[in-house]
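Working notes, structure below.
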Amino acid sequence: MTTIALDVMSGDCGPHSRIRAAQDALSRHADLHLVLVGDSSFIRQCLKDDGFPDSENDRVTVVHAGQTVTMDDKPTQALRRKQDSSMWLALEQVAMGMSQACVSAGNTGALMVMGCHLLKTLPGIDRPALVGQLPSASGHTLLLDLGANVDCSSDLLMQFAVLGSLMMSEVYGIAEPRVGLLNVGEEDAKGCERVRLAQQLLVQHEQLNYCGYVEGDGLFSGRVDVVVCDGYPGNVALKVSEGVVRFAVSRFMSGDGLSWWRKALLWLARPLIKMLTANIDPARFNGATLLGLQGVVVKSHGSSDERQFGYAIDQAVKAVEQSAVQRINERLELML
């Protein structure tokens with residue numbers, strides 16, 4: 001039985017969408033038990049209103065939380081003042097060994113600070129990295145950091161490269177993951193000083209399959225399996241790519257500016273178009289892991305809807321089933 005704690009109160013879409021996502025996840029995963037953390041009376045009323053069957057009650061535990069971490073809360077203040085929040089108590093479930101993973105759509109900074117405090121980082125890791133997937137020509141590429149660490153030292157970038165490489169090999173089965181460093185050009189002289197210093201560290205690392213700099217237009221090429229960067233450009237790259245996909249699909253499906261017969265052809269081709277665009281649907285890649293903690297923590301987009309939050313739950317289930325943290329930790333000492 002896999003047990004996952006859900007912070008159902010955090011994020012922009014409201015707790016009801018998180019609770020519906022939880023119910024859908026239970027229908028997909030027969031061996032899943034969910035701990036719903038938040039306003040207990042609200043959660044139970046939502047389950048009742050949605051007609052949640054009594055026969056499934058033993059697969060859900062409700063934990064009451066009297067506070068919610070907002071998107072405007074400063075991480076350090078949330079750490080000190082919101083220890084009765086749904087985010088804190090969901091993470092505490094993992095820290096106490098009562099749940100095997102935590103999923104939250106809340107404040108990224110608060111989630112990282114609380115995660116570091118309650119779960120601690122793996123030996124040799126200074127800060128966890130937010131790592132997510134991007135669709136690419138080779139299937140998918142891991143990108144880290146996605147916004148948890150806005151300004152990274154060269155040493156931290158090297159640690160992220162090791163973590164990303166281990167995740168790709170241990171979780172996704174790539175024997176020698178190709179690692180790239182995001183930069184403004186592929187020439188050795190390009191980039192800021194800390195990126196150039198990080199490249200020196202990566203070149204000297206004998207156990208990493210480092211392939212050099214990667215520019216923004218190479219993120220989806222499949223040339224590398226892991227792309228390492230600061231949280232600032234990483235978050236921008238992620239949000240821009242998601243926005244471009246949504247814009248392109250919307251414009252293409254609407255048929256704006258097409259003649260009537262071309263619109264007719266578009267209507268006939270829609271099933272094929274939907275099948276093709278499903279492979280690059282940003283919702284399918286929702287859910288970024290806070291990699292480097294001594295526990296599984298998955299961060300969903302703050303604006304994620306029911307379907308997107310469900311994908312984040314699926315990602316947590318996969319990480320638990322594959323013993324991701326344990327397997328990465330077993331090899332980490334040899335690579336740092």
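Here are some notes:
- Matching residues, region 189-245, being over 20 Å from L156 (Cα atoms), modelled with pLDDT of 85 or more and assigned to a helix (DSSP H, G or I): G216, D217, G218
- Taking the numbered list (1) within 22 Å of the chain's Cα centre (by Cα); (2) surrounded by fewer than 21 Cβ atoms within 10 Å (Cβ to Cβ) in turn, R196 passes all entries but (1).
- Looking across region 91-115 at every residue that is out of contact with any Gly (no Cβ under 9 Å at 6 or more places or on another chain) and among the hydrophobic types (A, V, I, L, M, F, W, C), the one that is surrounded by the fewest Cβ atoms within 10 Å (Cβ to Cβ) is identified as M96.
- So D58, is it in a helix (DSSP H, G or I), surrounded by fewer than 21 Cβ atoms within 10 Å (Cβ to Cβ), of a type in the set (D, E) and out of contact with any Leu (no Cβ under 9 Å at 6 or more places or on another chain): yes
- Hits in region 159-188 - residues which are among the aromatic types (F, W, Y) and part of a helix (DSSP H, G or I): F160
- Residues that are among the β-branched types (V, I, T) and crowded, with 19+ Cβ neighbours inside 10 Å were ranked within region 63-90; the one that is farthest from G109 (Cα to Cα) is V63.
- Among (1) in contact with a Pro (Cβ under 7 Å, 6 or more places away or on another chain); (2) of a type in the set (D, E); (3) modelled with pLDDT under 70 - the single one D256 does not satisfy: (1)
The values are calculated or read from the model by the stated rules, or taken from the named source; none is laboratory data. These numbers come from a predicted model, not from an experiment. Positions of Cβ are backbone-derived with ideal geometry, glycine not excepted, and every protein chain shown enters the neighbour counts.
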